[in-house]
Amino acid sequence: MGEKRILLKNVGVIDPGCIDDAIRAGGYEGLKKALKMEPAMVIGELTEAGLRGRGGAGFSTGMKQKFTSESCLKCPQRYVVVNADEGEPGTFKDRVIMEQDPHLYLEGTIIAAYAIQATKGFIYIRGEYHESIRKTEKAIKDARKKGFLGKNIMGSGFDFDVGIKLGAGSYLCGEELTMLESLEGKRGHPRIKPPFPAEKGVFGMPTLVNNVETLANLPRIIAHGKDWYRKLGTERSPGTKIFTISGQVAKPGYYELPMGVTLQELIDLAGGMRDGKAFKAALLGGAAGTFVDATMLSERMTYDNLREKGATLGSGAVIVMAEGDAVLDILHNCLRFFKHESCGKCVPCRVGTTQLVKKADQLRNGQPGKAALLKQMVREAEIMASTSLCPLGQSPVLPLESFARYFKEVK
Amino acid sequence: MSIEEIIKQFEPVQHNLLNILHALQDRHPQNCLTEQALDETARYLKLTKSSVYGVAKYYTMFSLEPRGRYIIRLCVSPVCELLKANQIMAVLEKNLGIRAGETTSDGLFTLELSECLGQCQEAPSMMVNNEVYNGLGEEEVQRVLVRMRRRKKK
């Protein structure tokens with residue numbers, strides 16, 4: 001299976017700093033078309049296209065818009081927040097969009113705002129993504145000059161403008177409710193859910209939070225229609241997905257493929273294994289993801305299929321390990337990461353992430369009784385998952401349980 | 001630019017706090033947030049000092065301690081670990097004569113560890129202030145450090 005670039009079709013073709021280049025390549029055509037439709041029609045089109053959120057959860061984008069637009073009709077303001085706080089280890093798909101074609105996701109943001117009739121929005125970008133910040137700032141400035149942002153956009157009577165908010169090195173702020181806290185100028189502590197952002201988001205107002213890649217799909221779907229979109233991918237996961245494959249492959253990088261590609265096909269596309277080594281394992285979806293072994297190479301990488309097999313698609317990160325790599329070291333790295341990023345609000349997560357690292361140290365030190373220790377770690381991670389507020393405390397069980405399932409290194 | 005001039009570029013609303021702290025830190029020669037900067041920010045946004053301090057302390061990218069002119073952030077993600085980031089760490093520590101979290105005595109470099117920098121297509125990676133360096137080997141690291149030292153002399 002070859003690459004199918006619909007989101008990344010302008011990468012390397014246009015100058016990302018030049019809005020006229022973007023316009024010549026079809027930029028803002030989707031917005032033009034959307035502004036002539038009723039907002040509810042835009043939502044309907046996206047819902048029927050079957051687009052699912054690319055941040056990891058895979059929830060219907062159209063449904064999310066519908067809830068947000070209907071949750072509080074008396075509220076004086078609705079917001080769109082772009083989640084550009086890409087921090088999941090092994091993931092860099094949003095960075096590619098922001099650096100190479102920033103107008104694409106900006107156009108998608110404006111379409112989303114129109115769909116839910118929001119007049120204000122924020123783009124929350126992680127502080128380390130300097131180039132993405134710079135490119136987005138320029139794109140916003142140029143879009144304002146062309147009348148794609150601001151008052152009465154393209155004579156439609158619709159007003160919308162957007163500002164950039166910077167993250168400052170907290171992975172947790174990629175979680176939508178924590179992001180809203182941070183965006184408001186507070187410490188990145190998660191909020192209790194429900195209420196969801198669709199009901200009570202930023203400043204207590206209904207808020208649509210979408211990932212960069214999700215929003216990049218909107219201009220294409222509106223411009224070409226839902227039927228065109230549904231021809232790509234699978235019935236339940238239409239469209240394409242940008243996979244970022246890294247580690248022990250010959251050509252690590254980003255690859256946009258129709259949903260439903262297998263892990264083996266993805267590795268082949270990335271030039272096969274590095275130096276012809278044998279495949280040992282892959283970590284799918286980053287640290288908050290799952291390990292798989294060679295038995296999963298022929299599985300189709302869709303949200304639902306992977307979930308049925310006990311794995312995750314998540315952000316689309318695929319970290320490949322080869323014969324000779326210690327999968328245990330990578331598990332240790334993930335657990336250390338969670339310890340570092342735990343905000344400390346929920347005790348099970350604050351204490352649990354530290355305990356898991358201590359135990360992972362013991363696993364590496366090769367003391368006897370390791371199999372029992374690993375089993376205990378999985379059990380503790382399960383307790384953390386059921387007693388922590390946010391996805392951080394809920395995540396360590398994913399790499400841990402899948403590691404225990406597939407790998408005998410510690411038995 | 002004075003602290004006041006930097007702060008006043010922003011509207012006095014709490015949701016500008018992180019952007020303000022970034023601007024203050026980036027313009028400080030030692031890449032840090034001073035007590036005076038935090039106090040003035042709190043007054044400008046009508047927030048308590050403790051809440052501004054709490055935010056500054058929470059986020060990894062902010063520092064209340066003076067740091068070097070160049071902040072080296074070495075990525076320690078699983079991908080960089082697989083591709084031997086620990087060897088790059090050893091080269092940096094040896095060349096600079098410091099450990100992670102420390103600053104060189106000439107005040108030029110601070111060495112920090114970072115979670116995934118999102119540059120996994122060409123690991124291992126590091127950032128020096130806002131610049132990204134990928135596909136690092138020993139020679140590349142040495143070259144970058146030499147370049148930075150030369151820049152200082154100019």
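Quick notes on this structure:
- The mean number of Cβ atoms from other chains found within 10 Å of a Cβ in peptide A:224-230 is 0, as a whole number.
- Degrees separating the helix B:138-153 axis from the principal Cα axis of chain B, which is the longest one: 50
- Relative contact order, percent, region B:3-58 [alpha-carbon distance under 8 Å, six or more residues apart]: 34
- Treating r as the C-beta distance of B:ASN86 and A:ARG24 and R0 as 41 Å, the FRET efficiency rounds to 0.30.
- When chain A is described by a simple charge dipole with +1 on each Lys and Arg Cβ and -1 on each Asp and Glu Cβ, the residue from A:THR119, A:PHE403, A:PHE92 located farthest towards its positive end is A:THR119.
- Kyte-Doolittle mean at least -0.5 and Cα axial length at least 18 Å: DSSP H helices in chain A: A:102-116, A:212-224, A:327-341, A:347-364, A:370-387
- Sequence-distant residues sharing a close amide H with A:ILE123 (under 5 Å, placed H): A:VAL82, A:GLY163, A:ILE164, A:LYS165
- Within the shell of other residues whose beta carbon sits under 14 angstrom from the beta carbon of A:ARG300, the net charge comes to -1, with Lys and Arg scored +1 and Asp and Glu -1.
- Summed side-chain charge close to A:TYR105 - residues other than A:TYR105 whose Cβ falls under 9 Å, Lys, Arg +1, Asp, Glu -1: -4
- When chain A is treated as a GNM with alpha-carbon contacts under 10 Å, the residue of A:GLY87, A:GLY286, A:GLY324 showing the greatest mean-square fluctuation is A:GLY324.
- Whichever lysines have a C-alpha closer than 17 Å to that of B:LYS94, once near sequence neighbours (fewer than 8 apart) are set aside: B:LYS84
- Each Lys and Arg Cβ is given +1 and each Asp and Glu Cβ -1; about its Cα centre, chain A then shows a dipole of about 600 debye.
- Global geometry of region A:204-250, whether rounded, prolate or oblate, following the gyration tensor of its Cα atoms and the 1.5 cut on a/c: oblate
- Residue among B:MET127, B:MET89, B:MET61 with the largest mean-square fluctuation in a Gaussian network model of chain B, springs linking Cα atoms under 10 Å: B:MET61
- Under 17 Å from the Cα of A:LYS375 - lysines, other chains or at least 8 residues apart: A:LYS358, A:LYS359, A:LYS408, A:LYS411
- Here the peptides B:26-39, A:307-320, A:192-205 are ranked by packing, the mean other Cβ count within 10 Å, and the order with the highest first is A:307-320, A:192-205, B:26-39.
- Global geometry of region A:304-358, whether rounded, prolate or oblate, following the gyration tensor of its Cα atoms and the 1.5 cut on a/c: oblate
- Residue-averaged beta-carbon neighbours from other chains (10 angstrom radius) around A:337-348: 1
- Residues of type lysines that B:LYS46 reaches as a straight line, Cα spacing below 17 Å, ignoring anything fewer than 8 places off in the same chain: A:LYS186, B:LYS8
- Whether the protein assembly as shown is rounded, prolate or oblate, judged on the alpha carbon gyration tensor where a/c under 1.5 counts as rounded: rounded
- Rounded to the nearest 20, the size of the Cβ-charge dipole of region A:131-192 about its Cα centre is 300 debye, with Lys and Arg at +1 and Asp and Glu at -1.
- In the elastic network of chain A, a GNM with C-alpha springs shorter than 10 Å, the most mobile of A:LYS165, A:LYS345, A:LYS120 is A:LYS345.
- Mean separation of Cα pairs under 8 Å and 6 or more residues apart, divided by the residue count, gives chain A a relative contact order of 17 percent.
- Peptide A:249-262 shows a mean partner chain C-beta count of 1 within 10 Å per residue C-beta.
- Crossing angle, helix B:17-27 versus chain B [Cα axis fit, 0-90 degrees, rounded to tens]: 60
- Take every pair of alpha-carbon atoms less than 8 Å apart whose residues are at least six positions apart; their mean separation over the length of region A:333-411 yields a relative contact order of 33 percent.
- Gap separating the Cα centres of region A:80-143 and region A:208-235, nearest whole Å: 16
- Dipole of the protein assembly as shown computed with +1 at Lys/Arg Cβ and -1 at Asp/Glu Cβ about the Cα centre; of B:ASN16, A:GLY157, A:GLY174, farthest Cα towards the positive end is B:ASN16.
- The stretch between B:THR34 and B:GLU139, if pulled fully straight at 0.36 nm per residue, gains 34.2 nm over its current Cα-Cα span.
- Sorted by Cβ neighbour density within 10 Å, fewest at the top, the residues A:LEU104, A:LEU389, A:LEU180, B:LEU108: B:LEU108, A:LEU389, A:LEU180, A:LEU104
- Principal axis extents of the C-alpha atoms in region A:19-230 (largest first, rounded to whole Å): 40, 38, 34.
- Radius 14 Å from Cβ of A:PHE337, net charge of other residues (Lys, Arg +1; Asp, Glu -1): -3
A short reminder: the numbers here are calculations on the coordinates, not readings from a lab. Nothing here was measured: the structure is a model prediction, and the numbers come from that model. With ideal geometry, Cβ positions are generated from the backbone for all residues, glycine too; neighbour counts draw on all protein chains shown.
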